[in-house]
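J.: Okay, here's the structure, questions in a sec.
Each reported figure results from applying straightforward, stated rules to the coordinates on display, with no laboratory input. Here the structure is a predicted model, which is why all the values come from computation and not from measurement. Cβ sites come from the backbone with ideal geometry, for glycine too, and all protein chains shown count toward neighbours.
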Amino acid sequence: MSDSTLKQKTAKGLLWGGIGSGGMQLLNLAFGIILSRILSPGDYGVVGALTVFSAVATIFSESGFTLAIVNRKTVTDTDYSSVFWFNLAVGAFFYIALFFLAAPIARFYRTPDMVPLARFLFLSFFIGALGTAPSGNLLRNLKIKQRSQCLLAAVAVSGITGVGFALAGYGYWGIAVQTVLYSLTYNILLWRAAKWCPSLTFSMDSIRSMLPFSVKQMAVALFTHFNNNFFAVLLGRFYGMIKTGYYTQGNKWTTMGSSILSSMIYSVGQPVMRQTTDDPERLRRVFRKMLAFVSFFSFPAMFGLCIISREFIVIAVTDKWLPAVAVMQILCIGSAFLPITTLYGNLFNSINRPSIYMWNTIAIGTIQTALAIVTYRFGLNTMLTAYIIANIAWLLVWQYFAWRTIGLRLRDVLTDTLPYMTIAAAVMAIACLAASPVSNILLSLLIKVTVAASLYLLTMKISGSAILNETIAYLKKKNK
């Protein structure tokens, strides 16, 4: 594939990945605001505590085969069908296991009402296991537009239904119904978009050939999930559901922001870099272009969300959620760097070095867990700060392996990231100063957003940012 064709496919994939993920987050934002106004912190805490177990089962059910399909040089119908039947069996096994574990889980959290809720909520990961093969099909063929349309439709249908249940007085069941219906709708639409049906064939040889790669992806997902949800488990056990609800709320809004870029990179990063692995120089160019793109958007977006977190929480979900502000601010700083970590992971997967991705994730996960155990007695904010600092510092380790494998220099990485990070931090500081004399919360929000966005874009324009110019040129071309 030529550079121009690859660039065009990458741009289209990033655009539709952004539309899909951004639209999904906006819909989740709207539904989340409505649900947060109706439901209590305790409602969110109950569902948040159960989501930890459901997410672990999801990882085992998917078993890393989505990216294994993407990374495979050639994929046959037997491969797709074997993955489908394997995931179906694993998903069924874990659902049955968690069905009977629902009562012990409820006793652990000292919340007997959890039992029927857990058994219903756990259906989401079983349904999700059925979509691994068609999802891998769409990602492999860079059909990001179709995948994004499935996401948006599923979020809309499930969100409207979940809000309806909450308004009818069903409490946390509204969130549970939303979660299960999202999984069901999304997977039905995925199958339609992929235009694929499983055959009755199953090849254990096909599964074995993908296992070395998929097992490493599963290990990465498990450690990532453990790190992301360790706080919810710890808080739920020792501090109760209300404080867990505050953490879940702050984490939810932050994740919505950072996942837009991470989803875009996930959708196109590995498939695109996989096509350049035979040419190290070309691979470095592709990686650096994506790194600059990520930095251009991620730093201003997440630093911006950090400075408006108080206004956002009060306006969107009322001041009953104010304790979530500090959590959100700390997580926003760390989340600005998460898409870069995602990009490094895509790089190592694309060059068929998933072991580097796996062991780095395990190492940083172990360090963060140890830090959490040591610092949790000093309070949630201290624990989160230590977690974030460790994650940012570990980027140097990711970079070391990138240098060893493809010759990517630290100097080039800093050239592609530091200007955007520095300028974003500076304009956010100026925006905060501009809004500091204002007491009206709506006016404060407006000033911060206007000053920060205007200054950042103006600075990028004056400095001749290639990413800004290419983005504008591409959007103009699409409009024509």
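J.: Tabulate in residue order the Karplus-calculated ³J(HN,Hα) for segment 96-101, using 6.51 cos²θ - 1.76 cosθ + 1.60 with θ = phi - 60°, rounded to whole Hz; enter x for Gly and Pro.
T.: After applying 6.51 cos²θ - 1.76 cosθ + 1.60, I find 4, 4, 6, 4, 7, 8 Hz.
J.: Are there any trypsin sites (Lys or Arg not before Pro) in segment 166-230 that are in a DSSP loop and have at most 13 other Cβ atoms within 10 Å? List them by number.
T.: Those that pass, being in a loop and sparsely packed, are Lys195.
J.: Pairs to check: Lys320/Lys448; Lys216/Lys289; Lys73/Lys216. Give those whose C-alpha atoms are more than 25 Å from each other in this structure.
T.: From the list (Lys320/Lys448; Lys216/Lys289; Lys73/Lys216), the Cα-Cα distance tops 25 Å for Lys216/Lys289.
J.: I would also like to ask the following. If we count other beta carbons within 10 Å of each Cβ, what is the order of Cys150, Cys432, Cys306, Cys197, fewest first? Don't skip to the end; give the middle numbers.
T.: Working: Cys150 25, Cys432 17, Cys306 21, Cys197 12.
Least crowded to most crowded, the residues run Cys197, Cys432, Cys306, Cys150.
J.: Another question, if that's okay. If you average 1/r over every pair of different alpha-carbon atoms in segment 272-429 and take one over that average, what Kirkwood value in Å do you get?
T.: 17.1
J.: With a cap of 15 neighbouring Cβ atoms within 10 Å, and only residues DSSP puts in a loop, list the trypsin sites (Lys or Arg not before Pro) found in segment 80-131.
T.: Within segment 80-131, the qualifying trypsin sites (Lys or Arg not before Pro) (loop, at most 15 other Cβ atoms within 10 Å) are Arg110.
J.: So what are the ³J(HN,Hα) numbers for segment 156-161, from phi and the Karplus equation (6.51, -1.76, 1.60; θ = phi - 60°), rounded to whole Hz, Gly and Pro as x?
T.: 3J(HN,Hα) across segment 156-161, in whole Hz: 5, 4, 5, x, 4, 5.
J.: First check a/c for segment 177-228, with a ≥ b ≥ c the square roots of the eigenvalues of its C-alpha gyration tensor; if it is under 1.5, answer rounded, and if not, answer prolate when a/b is larger than b/c or oblate otherwise.
T.: Note, shape of segment 177-228 comes out oblate.
J.: Quick check: pseudo-label points 7 Å beyond the Cα along Cα→Cβ at Ile362 and Ala425, how many nm apart are they?
T.: If labels sit at Ile362 and Ala425, their model points lie 3.4 nm apart.
J.: Also: What Rg and what Dmax come out for segment 387-480 when only alpha-carbon atoms are used, in angstroms?
T.: 17.9, 53
J.: What distance in nm separates the two pseudo spin-label positions at Ser454 and Arg411, each 7 Å out from Cα along the beta-carbon direction?
T.: 3.9
J.: Here is a follow-up. Considering amide H positions built from the backbone, and no H for Pro or chain starts, which residues 5 or more places from Val75, or on another chain, come under 5 Å of its amide H?
T.: none
J.: With just the Cα atoms defining each centre, how far is segment 287-321 from segment 322-389? Give it in Å.
T.: 17
J.: I need the shape label for segment 55-194. Rule: rounded when a/c is under 1.5, else prolate if a/b > b/c, else oblate, with a, b, c from the alpha carbon gyration tensor.
T.: Values: a/c = 3.27, a/b = 1.48, b/c = 2.21.
It comes out oblate by the Cα gyration axes.
J.: Let me ask something else. Under the classification rounded if a/c is under 1.5, otherwise prolate if a/b is larger than b/c and oblate if not, where does segment 301-369 fall, given a ≥ b ≥ c as square roots of the Cα gyration tensor eigenvalues?
T.: Prolate, because a/c is 1.5 or more and a/b exceeds b/c.
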